[in-house]
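FYI, it's all coordinate maths here, none of it is from the lab. Keep in mind that this is a model prediction, so the values were computed, not measured. Virtual Cβ from ideal backbone geometry, glycine too; neighbours counted across all protein chains shown.
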Amino acid sequence: MKKVILAAIAVMGFSFANAQEQTAKGKWLIEANTGFGAVNVGNTSFQLSSSDGETQWGLGAEGGYFVADNLAVKAGLGYSDLGHSVNAFSYKVGAKYYLLNKFPLEASYTGASVKDADENPSYIGLQGGYAWFVGKNISIEPGLRYNISMNEDYGKDVFQLNIGFALHF
């Protein structure tokens, strides 16, 4: 039992040291997220849903640069097919902070340009999660995100469960 506990402590210590190196100032981050929950029109994650015989899907990715240890400035792009011949091009800007090198906290602004819309949606998003570094340059980051709608036409706030996959350089 003693060996198992010591091995677990060693693995956790290595993971913590690795996380410190990958979130250091001057490093880069490339991230792709899956989004579960309500469909968000302004979105930079991978999504697939179907309702009323219409399939909706979205693709996107984000990148960031660590301007300080554990603090990255991020930008993202996405494209969504919302069904009924409606398409949206999305963009996102924000900041991501790794608390204790393991708990990513993010605040961001997300907007979209929707084909033939009178008003385009925009959201302020807050996200928190956990970063599991499975390799030197790879982390899996499950998290919860809350998007606050900034428009009356898109008046629903959106709560999501995200699973992110990040590459650190």
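Which aspartates and glutamates have a Cα less than 18 Å from the Cα of residue 115, not counting those fewer than 8 places away in the same chain?
Cross-link targets: 54, 81, 152, 153.
Under 19 Å from a label point 7 Å along Cα→Cβ of residue 86: give me every residue in region 116-137 with its amide N that close.
116-124, by backbone N distance to the label point.
7 Å from Cα along Cα→Cβ at both residue 100 and residue 146: what's the point-to-point distance in nm?
Output for this residue pair reads 2.1 nm.
Please work out how much length the chain gains when fully extended from residue 52 to residue 153, using 0.36 nm per residue of separation minus the C-alpha to C-alpha distance, in nm with one decimal.
So the chain would gain 34.3 nm between residue 52 and residue 153.
Nearest 0.05, what FRET efficiency do residue 71 and residue 163 give at R0 = 25 Å with Cβ-Cβ as r?
So, using R0 = 25 Å, E works out to roughly 0.65.
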